[in-house]
Structure formats: C-alpha cells, structure tokens
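Report on one structure; see the data block that follows.
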Amino acid sequence: MNVLSRFLRYVRIDTQSDPHSDTFPSTEKQRDLSKLLLVELQTLGVKDAHLDEYGYVYATIPATSTKPNVPVICFCSHVDTSPDVTGLNVKPIVHENWQGDDIILPDDRAQVIRLSEHPDLAQQIGNDIVTASGTTLLGADNKAGVAEIMAATEFLLQNPDIKHGPIRILFTPDEEVGRGTQHVDMQKLAADFGYTVDGETLGTLENETFSADAAQIRIQGVSTHPGFAKGKLENAMKIAAGIVAALPKDSVSPETTEGKEGFIHPVEIQGGQDEATVDFILRDFTVVGLKQKADLLRQITQEVLQHFPNSRADIQITEQYRNMKEVLDKYPAVVDNAIEAMRRVGLPAEPRSIRGGTDGSRLSFMGLPCPNIFAGEHAFHSRLEWVSVQDMEKAAVVIVEIAKVWEEKS
C-alpha cells in the first residue's frame, strides 16, 4: 500500500486549528483537506462519502462478508494540526535509507533530529524518514493516520475477496483544540466499535488516557492611578503571577512528572491591573486525582489572596475528557482484536497509557469504545516532527488486519 504519496500531498495543506476561535471548525482552511479527502473517496467509488456542515467526512466501506452479525468498525483520524507550531508552507523531505546520522533540517540548520534525543529512531535504521524543513511542523499528527486510513480503504476496495464487515471512516476537525467530537453524529456514524489512528511508536495500542479538566481563575483586583496607589492598588496581574509562581516547583507539573503522574499546567494569562484570567489544564489518570489538583489550585489561590485583602478570585472547572479505559474494560474484544491483528503481521502489540487524550477518549464515552492505534508520528507539535514511511505502511496493513479479525471472530 502506497501511503507516502498520500501523506506528502496532505501535509502540504495548512490545516492548523485555532483554540481562540468560536467557529466550528475553528479554521475554515481545515475544510481544504476534508474536501480533498471527499473527492478521493468518491473517486475510489465510496458512494456515501460526504462532508457535513461541521467539516466531518463520513464514508462507508461496504461489507464483503456474508455473516449477518459482524460488528460495524470505525477508523478515525483528525485533519487539523497543532496551534503550537505553524503548518503553513510545509516542505516535506524524505530521508531515504537513513543510517543513524543527525538529520539537519535545511531551512533552519539549528533544528537537528538526533538519535540520542529521539530513542525511537534506533528502530529506524535503513528506513525512510520524513521530516519538515525546519520552519514548520510536519503534520504527521495526524495526517499520517489520515493517509493510512485512506491507503487501507483503497486496498480493501480493490480486494473484495478480503472478508470484512461494514467499515465506517470518520475524519474530524479540531482534535488539537479539544473539540474533535463536538458535532459527531453518532446515529449517522452507526458504528459498534472504533479505532483512532493517532498513536506514536510502531506496534503500540493506547487503551488508557489522562482524564482531563480545564480550570480558569478569574481575578478581580483593585485598580487606581499608579501615582496615587499606595495602600490602594491590588494589581490583578500580580495576583495571577503570584498564583502561577506558587505552584509546586518539583512536582505536579508537566516538566517534573512522568508515567501515571498527573499535573497542573498554566497555559495562558490575560488581563490588566483591574481584571485578569489564568487558564490551566488539569491532568490525571483518575477523577479522584483531578479533584485533588483542583483543590490544590483553590488552596494556592486563597493563600495568594491573603496578601490582597480587597481582591477576589473565582475558579471555574470544566470537564474536558475522561480516561477511555473506564469504557474499554467493559468491551475487551475491541483491544484484544487489535492486539491479535498486530501480532499476525509480526508486531509486538504493546498496550500503553498515553499522557494525553485522543478523539477516542470522548468517542468512548459517547458510546463508541475506541482505543488508539499507532500511526508512527513522533516529536509531534514541534519542528522536529518525523515519521517513518515503513511505519506508516505497517499501520495501513494493521487497519486491514483488524477488519479481518473482527469478521473471523463474528
């Protein structure tokens, strides 16, 4: 399956999403890729492929099995790229037969991908590595997944002798800004189980994610003319800075945690001396852990406010997503069948927890149990992002094999 040509075509389309936008999708340019995918699906002969008003692409690969009760399986990837690094004018470079040397990105030679800093590269000797040119991200997160699903779709349609049940395809916008499933029509999707194709290392399957909340502290200070402020001014920006400065220095932060440890992470401060807001994300693998972090944030805020007696602060906690494992443990076949499919094609099939979330986190709680399988993307959200051509091809093979396993076991 030729995944590379699709991938190189897709990453050249700027689909960066915008967390500050109140439209859906958050950027109109995401539709540029969605429209292309629609045309490609229609060209392949997918009769029901369509793009809806929200920017979702839906399509069906009809069943080739005569068995009456094969579950409907969905494969899903997102078209948007991260707001963290520009996705405009991506110039993908294929480093063929890579032999372990440093990969210096030509448009900014300070950007170097080194084996010592990217240990997964140790498995890529002799493979073909795709990078950007140094001034943009690559967009493998998640255009690698999009290309893999499209390649698998083409392969299945061209090989109707392969037995499988009905397969739904779903391409979503705005996953990177936490809204990827906001307008998914679950009745239209009508799938029993799903897989997001948005993971990292070859042969991995993520069946556990963070649970996630957002927290916003809205601060009301006391404003007055700075020339006459003694004993009166209580600067809301200083209160905000004090709260951030009071966070633990050696724990409960992204830079000091790993594994199953959660964190409190400030992501934005806005305002002036009269009013200010501080936005945080809270992450933990359990809801109890999330509550503990929210309580710690409230405690820190109150301690800082003791030095500003005439100011006040309100904290709003908003649920973002929950650990998919709570749902997946009720449907073991959705993980077991993917593991078997990977092992059949010679991969280790390693279940992992991910220190993040996917569209599958939300889809699982919307009624579609949905773990995340590898797409091969690495160093995502950065100018050092890379992906292996061979890993992308293997992911497409795994998608086909998953469909076969579900049919065989039905």
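The values are calculated or read from the model by the stated rules, or taken from the named source; none is laboratory data. Computed from a predicted model, the values in this text were never measured in an experiment. Quick reminder, even Gly has a Cβ in these numbers, built from the backbone with ideal geometry, and neighbours come from all protein chains shown.
Overview of results
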{"item": "Sole residue being surrounded by fewer than 18 Cβ atoms within 10 Å (Cβ to Cβ), basic (Lys, Arg) and either out of contact with any Leu (no Cβ under 7 Å at 6 or more places or on another chain) or farther than 26 Å from Glu385 by Cβ (or both), chosen from Lys91, Lys35", "result": "Lys91"}
{"item": "Residues located in the stretch 205-255, provided they are over 30 Å from Ala396 (Cα atoms), among the polar types (S, T, N, Q) and either in contact with a Lys or Arg (Cβ under 9 Å, 6 or more places away or on another chain) or touching a residue at least 12 places away in the same chain (Cβ under 8 Å) (or both)", "result": "Gln216, Gln220, Ser223, Thr224, Asn235, Ser253"}
{"item": "Selection from the stretch 315-327 of residues that are of a type outside the set (D, E, K, R) and surrounded by fewer than 20 Cβ atoms within 10 Å (Cβ to Cβ)", "result": "Ile315, Gln316, Ile317, Thr318, Gln320"}
{"item": "Qualifying residue in the stretch 62-71 (condition: in the same structural domain as Ala379 (by TED's automatic domain parsing), touching a residue at least 24 places away in the same chain (Cβ under 8 Å) and under 25 Å from the mean Cα position of the chain (by Cα))", "result": "no"}
{"item": "Single residue of the stretch 217-232 satisfying the filter (assigned to a loop (DSSP other than H, G, I, E, B) and in contact with a helix residue (DSSP H, G or I) (Cβ under 9 Å, 6 or more places away or on another chain)) that is surrounded by the most Cβ atoms within 10 Å (Cβ to Cβ)", "result": "Gly221"}
{"item": "Residue among Ser353, Ser361 that alone is closer than 18 Å to Pro332 by Cα, in a helix (DSSP H, G or I) and at pLDDT below 95", "result": "Ser361"}
{"item": "Qualifying position, being among the β-branched types (Val, Ile, Thr) and over 27 Å from Asp18 (Cα atoms), among Thr172, Thr181, Thr153, Thr196", "result": "Thr153"}
{"item": "Whichever residue in the stretch 321-335 is in contact with a Lys or Arg (Cβ under 9 Å, 6 or more places away or on another chain) and outside any loop (DSSP other than H, G, I, E, B) and, among such residues, is nearest to Lys293 (Cα to Cα)", "result": "Tyr321"}
{"item": "Close pairs (7 angstrom Cβ cut-off, 6 or more residues apart or separate chains): farther than 16 Å from Ser311 by Cβ in the stretch 264-282, of a type in the set (Ser, Thr, Tyr) and at pLDDT 95 or above anywhere", "result": "Ile264/Ser253; His265/Ser253; Gln270/Thr277"}
{"item": "Matching residues, the stretch 233-266, being surrounded by 11 or more Cβ atoms within 10 Å (Cβ to Cβ) and at pLDDT below 95", "result": "Lys260"}
{"item": "Members of the stretch 122-143 found to be touching a residue at least 60 places away in the same chain (Cβ under 8 Å) and assigned to a helix (DSSP H, G or I), listed by number", "result": "Gln123, Gln124, Ala140, Asp141, Asn142, Lys143"}
{"item": "Asp108 being in the same structural domain as Arg9 (by TED's automatic domain parsing), assigned to a loop (DSSP other than H, G, I, E, B) and either more than 22 Å from the chain's Cα centre (by Cα) or surrounded by fewer than 22 Cβ atoms within 10 Å (Cβ to Cβ) (or both)", "result": "yes"}
{"item": "Residues of the stretch 368-393 satisfying the condition of being of a type in the set (D, E, K, R) and in contact with a helix residue (DSSP H, G or I) (Cβ under 9 Å, 6 or more places away or on another chain)", "result": "Glu377, Glu385, Asp391, Glu393"}
{"item": "Residue list for the stretch 357-410, filter: within 15 Å of the chain's Cα centre (by Cα), within 29 Å of Lys163 (Cβ to Cβ) and of a type in the set (A, V, I, L, M)", "result": "Leu363, Ile373, Ala375"}
{"item": "Yes/no for Gly100 being in a loop (DSSP other than H, G, I, E, B), touching a residue at least 12 places away in the same chain (Cβ under 8 Å), surrounded by fewer than 18 Cβ atoms within 10 Å (Cβ to Cβ) and in the same structural domain as Leu138 (by TED's automatic domain parsing)", "result": "yes"}
{"item": "Given (1) buried (at least 21 other Cβ atoms within 10 Å of the Cβ); (2) more than 30 Å from Ala395 (Cα to Cα), index of the condition Leu202 fails", "result": "(2)"}
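One line per residue, one yes/no per condition, for (1) within 16 Å of Thr204 (Cβ to Cβ); (2) in contact with a strand residue (DSSP E or B) (Cβ under 8 Å, 6 or more places away or on another chain); (3) assigned by TED's automatic domain parsing to the domain that holds Gly221; (4) not small (Gly, Ala, Ser):
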{"site": "Arg312", "(1), (2), (3), (4)": "no, yes, yes, yes"}
{"site": "Ile315", "(1), (2), (3), (4)": "no, yes, yes, yes"}
{"site": "Leu328", "(1), (2), (3), (4)": "yes, yes, no, yes"}
{"site": "Ala333", "(1), (2), (3), (4)": "no, yes, no, no"}
{"site": "Leu347", "(1), (2), (3), (4)": "yes, no, no, yes"}
{"site": "Glu350", "(1), (2), (3), (4)": "yes, yes, no, yes"}
{"site": "Ile354", "(1), (2), (3), (4)": "yes, yes, no, yes"}
{"site": "Arg383", "(1), (2), (3), (4)": "no, no, no, yes"}
{"site": "Gln390", "(1), (2), (3), (4)": "yes, no, no, yes"}
